[in-house]
Amino acid sequence: MIAEVGDKSTRKAALHPFTVGCVLLGVAAIPDAMVVPVMHDLCVTRFGITEGAAHAFMVVNLLGAVLAVGLLALLNRRIPTSKLLLIAAGSSSLLMAGMAIAPSWWVFLSLRCIEGGADLLLLSIPFRMIASCGKGERYGGRMGAAFTVMFLALALGAGIGTVIGQDHATNVLWASAVSCGVLFLIVAFVQTTVDITSVSPRPDAGKCPLIPSEWIGAIFLALDRGLSALVSVTLPLLIVSGFEVSKWTLGVGIGGMFIALALFSPAAGILADRVGGLRIRAIAACVSGVGLIGLGLMNVVPPVVILAPSLMLYGVGAAGLMPSAFSSCVRPEASTLVFSSLQAAGQCGYAMGIVAGGILISIYAVPAQTMLTILFPIAGVVFICINLLLISLLRLTRNTVR
């Protein structure tokens, strides 16, 4: 570990990769959220497609992510990490600019797909830097801080996208291209620091680079992102359709959820270091599930009363999900390929969550109010049960990080 050093000057140097990793992660996450507030104008209004087809804009990134993981496996560490990050930042900037001038929906979607591979590297490499740049007993705390940086950057990106996309939605794409260009320049100045990470163990010939616990960690991340897709995409649609909820009430609820995510992630990571990642994972899963179960009360309690507390409770629990998953399942010294695979698993879960929500709404012709008050309590119970089952399995395998 970089931070396992004796002299004071080396300890100070060991903090540098953490700071750089957080900066890179924050800058890389901003463009991800900038397009969300103007997605309707970017897809439906611009190309004349349906709202259902527009969901592909959020799902097609998965294909690019899988392609990037396969490319990393083929490269087998032949390219330095800093060079990979430079290529990803430059490619993302060019692809965003290309999306701004794309002449058709299919060209637009193809560029978005390829950009998903670049985006995977832009996020997974800073996460790997943060994970490997300190002592093992502080691993969860570092990951919690990293997720706080990411959540705050996403909130900032959504706000910027709302402001600059009011007149022309493509302004958001140009701004995203500029943001990725800035990231390219930052990486160019900190290449040495990007490469200062602990040397990850090489798997034996013919063996998978992920150890068994990391496969379970990938399932954890897929579950977390799948549930977040239901909350961030399906929930607002059902609430607007089935309840007389004002934009202010919905905004307060979702805003409170993101604030809870940002505030409680470091605390959850620190607790994971002290009492164990699996314990925090179990508690976080139960709290998240209970928050979603509370949404079932919207039939008997006014939404203005129950919506915000339920989403905030979900946010408090969700803040502990990802730091505890990394703390309990993923080696701090794992390779870029491992962290990219985990990121791809999360994107797969997010895509499946969006698809599942769309299918359920389309197949079951029930009022939106009924669908919401049934779907989310069931999702909460299922989420708790699957997490407890995986935690039990992980304990039996005895392959956890701690």
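General observations
- From the options PHE147, PHE151, PHE127, PHE108, residue that is under 24 Å from ALA54 (Cβ atoms) and either part of a helix (DSSP H, G or I) or in the same structural domain as THR336 (by TED's automatic domain parsing) (or both): PHE108
- Subset tally (residues that are surrounded by 19 or more Cβ atoms within 10 Å (Cβ to Cβ) and either assigned to a loop (DSSP other than H, G, I, E, B) or not aliphatic (A, V, I, L, M) (or both)) for segment 76-101: 4
- Out of MET371, MET352, sole residue that is in contact (Cβ under 8 Å) with a residue 40 or more places away in the chain, surrounded by fewer than 23 Cβ atoms within 10 Å (Cβ to Cβ) and in contact with a Lys or Arg (Cβ under 9 Å, 6 or more places away or on another chain): MET352
- Condition check for LEU311 on (1) free of Cβ contacts under 8 Å to residues at least 40 places away in the same chain; (2) farther than 16 Å from GLN369 by Cα: one failure, at (1).
- Here PRO332 fulfils each of the conditions (1) in contact (Cβ under 8 Å) with a residue 40 or more places away in the chain; (2) part of a helix (DSSP H, G or I) apart from (2).
- Applying the condition of being small (Gly, Ala, Ser) and within 14 Å of ILE30 (Cβ to Cβ) to segment 131-175 and asking which residue is surrounded by the fewest Cβ atoms within 10 Å (Cβ to Cβ) yields GLY159.
- Test for ALA89: is it under 23 Å from PRO126 (Cβ atoms), in contact with a Gly (Cβ under 6 Å, 6 or more places away or on another chain) and of a type in the set (A, V, I, L, M): no
- Helices (runs of 4 or more DSSP H) enclosed by segment 227-329 - at least 2 residues per element that are at pLDDT below 90 and crowded, with 22+ Cβ neighbours inside 10 Å: 235-242, 247-275, 303-319, 321-329
The values are calculated or read from the model by the stated rules, or taken from the named source; none is laboratory data. Note that the structure is a prediction, hence the values are computed from the model and not measured. Cβ sites come from the backbone with ideal geometry, for glycine too, and all protein chains shown count toward neighbours.
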